[in-house]
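Here is the structure we will look at, set down as structure tokens.
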Amino acid sequence: MGATTVNNLMLRKLFLSLLGLGWASAASADWAINMPRGITELSQETFDLHMMVFWWCVAIGVVVFGVMIYSLLKHRKSKGAEAAQFSHSTTAEVVWTIIPVIILLIMAVPAAETMIKLEDSRDPDLTVVVTGYQWKWHYKYQDQDIDYYSTLAMPSLKARFKDSGADVFDVDNYLLDVDRPLVVPKGKKVRLLLTANDVIHSWWVPDLAIKKDAIPGMVNETWFRALETGTFRGQCAELCGKDHGYMPIVVEVVEEDAFQAWLDTQSEGSAQLAQAEN
Amino acid sequence: MTTAVADAHDAHDEHHGPEKGIRRWLFTTNHKDIGTMYLVFSLIMFFVGGAMALVIRSELMQPGLQFVHPEFFNQMTTMHALIMVFGAVMPAFVGLANWMIPMMIGAPDMALPRMNNWSFWILPVAFGLLLATLFMPGGAPASGWTMYPPLVLQTGDAFPFLIFSVHLMGLSSIMGAINIIVTILNMRAPDMWLLKMPMFVWTWLITAYLLIAVMPVLAGAVTMLLTDQFFGTSFFLAAGGGDPVMFQHIFWFFGHPEVYIMILPAFGIVSEIIPTFSRKPLFGHDSMVYAASSIAFLSFIVWAHHMFTVGMPLSGQMFFMFATMLIAVPTGVKVFNWIATMWKGAMTFETPMLFSLGFVFLFTIGGLSGLMLAIAPADIQYHDSYFVVAHFHYVLVPGSIFSLMAAAYYWLPKWTGYMYNETAGKWHFWTSTFFVNLTFFPMHFLGLAGMPRRIPDYSTQFADFNFMASVGAIGFGLSQLIFVYVLLTAKKGEEASDRVWEAPKGLEWTVPSPAPYHTFDTPPVKRVHEEAFE
């Protein structure tokens, strides 16, 4: 991208921003404005909860702002309005206390149901110990004698520094790519045990609807069952020092046989490595 | 009657007017002088913290690293928050309390005037220390204003200065709060019983109790950090048998009431202003008091909703989710009462009213996103993302800051004796409102799409909304210069009458404009008092 195009793009975005019309800009094709539905049953439930509460909020907003705007338009002195002098109405106050309570109850029930499911990490098919480091992740497949670090991928690493001269728009998945992703099988219950080696980190992959803190000296537990194959990206979500923004998470969900094949290559690799070390 | 009171005051002034020069400000025990110092100090801090926000937004304008290193970026986010919370918003409310509470309850001054002087003068020292850390080896604190260990223990030479300045801020707040409580409970005019107090006085009374309850908790938490760092204790270090999460529980036991410390006085301010410009009494005065008290009580039992991802037992998460949702009820009552106050009024739209209406609209948006955040499973997605950044800036900027602006415009003529420049005020409001939304609304989308907070650089799919937010932030920053212009020209307008506005309620409007150096040396008699509330 040449300097002129960058400037034009900047001007265009500036103009649109000032109009408050940024979202009409075609500068980037890939804009998400909402939470992803994700690829697990619970991520989809979380998404539905989010949308339910969102629409309730919209409804409340329409009513409250509607009444307020009506009043702002009608009850103004310049329209010759005479001020009434009432200052109490027990009925109104009871009504607008009870209705919110009912709405809250409607929200609370499904929220509690999802919460209970999120915490049920019994009977996993696979357990991975995730350890946060400043500033990378370490994955250990508990029953498979496989473990490795996962760090920021080289193209992003080269482009991330000040004065790197690189155009980050040319880097695929800038800051969201790693050298070795976490590989998991589709349809299996994967339990994550999270901890950290130095400071608190947080393992967040929006498509899995998982965000769990990795805390030094403690072990946290969470789980997911991916229903689709693909590559899913996330980031550390807890401020963990200067390179907090540079320790992404990539989860590769593969079919079960592909996962087995991957396991085989990995354990061979580890065995060779162990031999070489001996 | 008013004139008689005023004459008495004028005569008095000649004997006990302010001292001249620097001594007036250093040694003053006058609530108006101290109030002014608080307000000026907080305005300066508002610009210092704002400049830091602009460093943050400049870096985030485009993906890639352009201006600062990640270390410095983290220092900016940390310092921006500490300065805005403890240096701008809180002292501004204390300044208003100093100026207005004695005049609203008919007291001659604050109950403890020497302590009042002391609680102000601690602040420049506290913030001098905090700002000095920018020039120390290792730089300023960079662990976020929440100071979570173990990360905060990696702070360089700045660490003890951070702790000490937080101690000083807490000391100042506690002294201010004690003073306000003693003043309100002991120095009200005869016949002003508690439920007759103006709403601003009420919300400040509740706020002051919150301050006394939680500032010592913060002091305790940071002291434990200090001993962990220097004296070999392990309160928060797992290696020595401590618990890093314990700090978060203690911090948020302070931190959540702190949120209401920054919004309850704002509720009080708009509850004064909306009735004046609707020409109608405040709807449901007593239910406003009960709602504010309920919010204050609930604020103590919801702290762990900041911590849904730390790994709490299910029952704990349920409790904090339900308790948090409950806060929506009294908060809703507040909003409905303001709208009912406007309903069938005869509204005009001077600058204080505009800022108050902006407050009601935009604070409600922040309240609704707060309700979304209460839903624990969804919060797990929102937590530590830009959605949260959007939420708390909506309640703090067009919430707390707009209410402060409203208050400044509302009482400025009473303070200076002249009307401010209304056209400039309106420009200030409309530009601020436009840009504050341009800054913070896109952040909701960024957070939902997966952008974590406190990162100096981001993936390219977040570029456009970040660009909008940065343009908005620069615009918002420039808009505040209009406010400076208004202040600099505050004495160039017409002379203000004693009542200033058409139908304001309260004792502060019975004294002359500008308010004389000493007011209510003798308590107002019942008749004045009743006229003031007619």
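Bear in mind these aren't lab numbers, they're just calculated from the coordinates by the rules spelled out. Just so it is clear, the model here is predicted, and its values are computed rather than measured. A quick note on method: Cβ atoms are made from the backbone with ideal geometry, for glycine too, and the neighbour counts reach across all protein chains shown.
A few remarks follow.
- Counting only DSSP beta bridges whose two residues both lie in chain A, roughly 75 percent are antiparallel.
- Estimated D of region B:32-167 in µm² per second, where Rh is the Kirkwood radius over Cα pairs and Stokes-Einstein applies at 4 °C, 1.567 mPa s: 80 µm²/s
- Close amide H partners of residue A:183, meaning residues 5 or more places away or on another chain with modelled amide H under 5 Å apart, are A:252.
- Cα centroid separation, region B:460-517 to region B:241-305: 24 Å.
- Under 12 Å, Cβ to Cβ, from residue B:63 - net charge with Lys/Arg +1 and Asp/Glu -1: -4
- Compared with the rule-of-thumb size 2.2 N^0.38 Å for a compact globular protein, chain A has a Cα radius of gyration ratio of 1.37.
- Inter-chain shielding of B:368-375 (mean C-beta neighbours from other protein chains, 10 Å cut-off): 6
- Cα centroid separation, region B:179-204 to region B:54-129 (Å): 26 Å
- Averaged over the residues of B:439-449, the number of partner chain Cβ atoms lying within 10 Å of the residue Cβ comes to 3.
- Between helix A:90-118 and chain A: long-axis angle, C-alpha atoms, 0 to 90°, nearest 10: 10 degrees
- Ranked by the mean number of other Cβ atoms within 10 Å per residue, highest first, peptides A:87-97, B:197-207 order as B:197-207, A:87-97.
- Per-residue ellipticity at 222 nm, computed for chain B from helices alone with -39500 (n - 2.57) per DSSP H run of at least four residues, works out to -22000 deg cm²/dmol.
- Counting DSSP beta bridges with both ends in region A:126-271, the antiparallel % (nearest 5): 70 percent
- The protein assembly as shown: antiparallel DSSP beta bridges as a percent of all, rounded to 5: 70 percent
- Environment charge of residue B:197, counting only residues whose C-beta is closer than 14 Å and scoring Lys/Arg +1, Asp/Glu -1: -1
- Span-like helix ranges in chain B, DSSP H, alpha carbon extent 20 angstrom or more, Kyte mean at least 0.5: B:31-60, B:90-105, B:113-132, B:158-186, B:199-230, B:244-261, B:264-278, B:285-299, B:328-342, B:351-374, B:463-488
- Around residue A:223: net Lys/Arg minus Asp/Glu count, Cβ-Cβ under 11 Å: +2
- Across q = 0.07, 0.08, 0.10 Å⁻¹, the protein assembly as shown modelled as identical point scatterers on its alpha-carbon atoms has Debye log10 I(q)/I(0) values of -0.54, -0.70, -1.07, in the order of the q list.
- Region A:126-271, dipole about Cα centre (Lys/Arg Cβ +1, Asp/Glu Cβ -1), debye to the nearest 20: 460 debye
- Look at the stretch B:60-73: the mean tally of other chain Cβ atoms within 10 Å of its residues' Cβ atoms is 4.
- Choice from A:124, A:206, A:181 showing the highest fluctuation, given a GNM over chain A with Cα pairs closer than 10 Å: A:124
- Chymotrypsin sites (Phe, Trp or Tyr not before Pro) restricted to region B:250-345 and DSSP loop, no more than 15 other C-beta within 10 Å: B:300
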